[in-house]
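Note sheet for the following structure.
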Amino acid sequence: MPAITRTWIAFAAVGTGLIHVALVIGSPLALGIPLAILGVTEFAWGIVAFTRDKLPFARAAMVTAVSPLIAWGLLVTAAITLQTPTLAAVLDVVPWGIAAIFQLFVAGMLSLHARREREGKRTSAATPGAARYLVALMLGALAVSALTTPALAATEAGIYAQPHGEHDDSFTPQRDAPTSETGEDLFTVPLHEGH
């Protein structure tokens, strides 16, 4: 598999893993635990894929990329059929849809590569020039970050994240006088609205 394609697959896996881990917050426990395991697995596989000449566990990665798509479809169908708004609220289209785009890319590229190997076609494994590889690396990183950022912002964690530059002195804990009984310092933490 060409180094550039392998790198783009790794970027997509890392982006999918980040989205799935972010979806854990606000999910019911029965959905959060599998999402956490899946997200960490995808993220770790993507990092390992960056370091290898051949993608590790390619067949298992194909199944792992497609399985959440099927599960998402079944959960959406269940939420609509059973009319459960709490489940439907967790299945927001933006993060799940962007993760699906990444998963389809990974599964598609891996299946294309597997098909070429079955047919006996050798894919070009020649090392690209440094400039071409760096440009491809930058384009892959930009594409994944451009898609991952709005997906993360649409998760529960992103919705309640404090925007940059909005923390001011009103959130600094104030030291109270020590109590006479224990002698410990007490702090009054101000309310942090939106959390």
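The values are calculated or read from the model by the stated rules, or taken from the named source; none is laboratory data. Source: prediction; values computed, not measured. Don't worry about glycine lacking a Cβ; one is built from the backbone with ideal geometry, like all the others, and counts go over all protein chains shown.
Here Leu152 meets the list (1) farther than 15 Å from Ile9 by Cβ; (2) over 14 Å from the mean Cα position of the chain (by Cα); (3) assigned to a helix (DSSP H, G or I) almost entirely, failing just condition (2).
More than 20 Å from Gly32 (Cβ to Cβ) and within 15 Å of the chain's Cα centre (by Cα) - does that describe any residue in the stretch 119-137? Break it down into steps so the answer makes sense when it comes.
Taking the stretch 119-137 and keeping what is more than 20 Å from Gly32 (Cβ to Cβ), we get 119-137.
With within 15 Å of the chain's Cα centre (by Cα) added as a condition, the list becomes none.
Looking for residues that are more than 20 Å from Gly32 (Cβ to Cβ) and within 15 Å of the chain's Cα centre (by Cα), one finds none in the stretch 119-137, hence no.
Return the residue satisfying two criteria in turn: it lies in the stretch 40-56 and is touching a helix residue (DSSP H, G or I) at 6+ places or on another chain (Cβ under 7 Å) and not in a helix (DSSP H, G or I), and of such residues it is surrounded by the fewest Cβ atoms within 10 Å (Cβ to Cβ). Step by step, filter the stretch 40-56, then rank; the result is Pro56. Can you work out which of the residues in the stretch 59-75 that are buried (at least 19 other Cβ atoms within 10 Å of the Cβ) and of a type in the set (Gly, Ala, Ser) is nearest to Leu23 (Cα to Cα)? Step by step, filter the stretch 59-75, then rank; the result is Ala65.
Touching an Asp or Glu at 6+ places or on another chain (Cβ under 9 Å), surrounded by fewer than 17 Cβ atoms within 10 Å (Cβ to Cβ) and closer than 24 Å to Ala161 by Cβ: which single residue out of Ile37, Ile25, Ile33 fits that description? Before you say what the answer is, go through the steps one by one.
On the way: Ile37 fails: touching an Asp or Glu at 6+ places or on another chain (Cβ under 9 Å); Ile33 fails: touching an Asp or Glu at 6+ places or on another chain (Cβ under 9 Å).
One residue alone meets the criteria, Ile25.
Only one of the numbered conditions (1) assigned to a helix (DSSP H, G or I); (2) in contact with a helix residue (DSSP H, G or I) (Cβ under 8 Å, 6 or more places away or on another chain); (3) at pLDDT below 90; (4) closer than 18 Å to Leu112 by Cα is not met by Ala60, and that is (2).
Is the stretch 114-127 home to any residue that is among the hydrophobic types (A, V, I, L, M, F, W, C), part of a helix (DSSP H, G or I) and at pLDDT 85 or above? Taking every residue of the stretch 114-127 in turn, none turns out to be among the hydrophobic types (A, V, I, L, M, F, W, C), part of a helix (DSSP H, G or I) and at pLDDT 85 or above. The single condition among (1) within 22 Å of Ile159 (Cα to Cα); (2) aliphatic (A, V, I, L, M); (3) under 9 Å from the mean Cα position of the chain (by Cα) that Val24 does not satisfy is (3). In the set (1) assigned to a helix (DSSP H, G or I); (2) under 18 Å from the mean Cα position of the chain (by Cα); (3) crowded, with 17+ Cβ neighbours inside 10 Å, Ala79 fails one condition alone, (2).
When you go through Met138, Met109 one by one, which is the residue that is closer than 16 Å to Gly46 by Cβ, modelled with pLDDT of 80 or more and either of a type outside the set (A, V, I, L, M, F, W, C) or part of a helix (DSSP H, G or I) (or both)? Steps first, answer last, please.
Numbers: Met138 fails: closer than 16 Å to Gly46 by Cβ.
Criteria check complete, one pass: Met109.
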